[in-house]
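The structure appears right after this line, and notes come after that.
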Amino acid sequence: MPIPDFQTIMLPLLRCFSDGQDHSTQELLDILGEEFSLTQEELNALLPSGKQTIFYNRVGWARTYLTKAGLLEMSRRSYYRITERGRQVLSRNPSRIDMKFLEQFPEYLEFREREGGRRKPKEIATEDGEKTPEEILEEAYEEIRNRLAQELLGLVRQSSPSFFEHLVVELLVKMGYGGSRRDAAKAVGQVGDEGIDGIIDEDRLGLDTIYIQAKKWDNVVGRPEIQKFVGALMGKRAKKGVFITTSSFSSEAVNYISSIDAKIVLIDGKRLADLMIDYDVGVTPVTVYQLKRIDSDYFGNG
């Protein structure tokens, strides 16, 4: 089944505490994962940031709201237990506990007022229902980033071949290749034959060399172009190469590189734009938001 939204998790989560014992978040994840019949793939699914699983995030927010409503309380570091109010709620055998249900408790309403009034978090219409604040924030971030990537790629496609070469140098140096920018600039663009546009050191010591093909194309790059590049590498007795394009690669081209010994990395227009954003090439930070969590170790000896 799909990963349940955090409001759907609330009642099963509270029932986990009906035994009166203290439970850690990890225990709850295991119990609830089985109850919702989640697959390993669903349990491992990450938020867009890649720093937390979706299920962990939703269980955490369900626990937070139940705690703010006085149905759960922290018993010791990273462990929670049910309160008398929580037992009373379960004794009423509710069919569902959600944010509307929790509005009957003054502590919860006070918490929501501190959050910014009795407004509910923005709802996103999906089959999984309402998302947690982190999911809303991360999805908004992904939308902004995707828009930026599209605009960035459009500008790259309009640039001159020499500017594109300059951009490739800048990106590879910021990614840690080629030593200094001056060294990299000397290497890239100096070969220009046999299907190779440039060479660059893999590291600052020059222990290995990477051959580069950079094509500012609108058309899909097919297998013949990749084969030509691989042939050029063999002529140089090289086994590492990067093929960068502003367009995309055909499935035949992608399948081909997986069947050869040479290590070829294909970077299409979308990935190129993503790397430019990650390494601040052609973009500049505007605003930085930091999400913080409680440091449970700090309070461990309290």
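The residues D22, D274, when put in order of fewest to most other Cβ atoms within 10 Å, stand as D22, D274. FRET efficiency for the pair K263 and E34, taken as 1/(1 + (r/R0)^6) with r the Cβ-Cβ distance and R0 = 41 Å, rounds to 0.50. Extension gain for the segment L155 to D203, taken as residue separation times 0.36 nm less the Cα-Cα distance, is 14.3 nm to one decimal. Summary value for the chain: 13 percent relative contact order, contacts being C-alpha pairs under 8 angstrom separated by 6+ residues.
Loop-resident trypsin sites (Lys or Arg not before Pro) (DSSP state other than H, G, I, E or B) in the range 3-91 with no more than 15 further Cβ atoms inside 10 Å of their Cβ: K51, R77. Pop the C-beta distance of R77 and E42 into the FRET formula with R0 = 35 Å and round what comes out to the nearest 0.05. For R0 = 35 Å, the calculated efficiency reads 0.75. Report summary: the helix-based calculation at 222 nm, which adds -39500 (n - 2.57) for every DSSP H run with n ≥ 4 and divides by the residues of the chain, gives -14000 deg cm²/dmol. What the Cβ-Cβ distance of Y141 and R271 gives, at R0 = 25 Å and to the nearest 0.05, is a FRET efficiency of 0.85. Would you mind checking the pairs K51/K174; K131/K292; K100/K292; K174/K239; K174/K292 and listing those with alpha carbons more than 21 angstrom apart? Too far apart for the 21 Å limit: K51/K174; K100/K292; K174/K239; K174/K292. Working from Cα pairs under 8 Å separated by at least six residues, relative contact order for the range 6-131 is 31 percent. Taking amide H as placed 1.01 Å from N in the peptide plane, K215 has its amide H under 5 Å from the amide H of I244, T245, T246, each at least 5 places away in sequence or on another chain. Applying the Karplus relation 6.51 cos²θ - 1.76 cosθ + 1.60 with θ = phi - 60° to the range 263-280 yields 3J(HN,Hα) values of 8, 10, 9, 9, 10, 8, x, 5, 5, 4, 4, 4, 5, 4, 5, 4, 10, 6 Hz, where x marks Gly and Pro. Note on N219 and T64: their simple-model spin labels are 5.2 nm apart, each label 7 Å out from Cα toward Cβ.
Secondary structure note: in the chain, about 55% of the DSSP beta bridges are antiparallel.
Every read-out reported here was derived from the displayed coordinates using simple, explicitly stated rules and does not represent laboratory data. None of the values given here were measured: they were computed from a predicted structure. Virtual Cβ from ideal backbone geometry, glycine too; neighbours counted across all protein chains shown.
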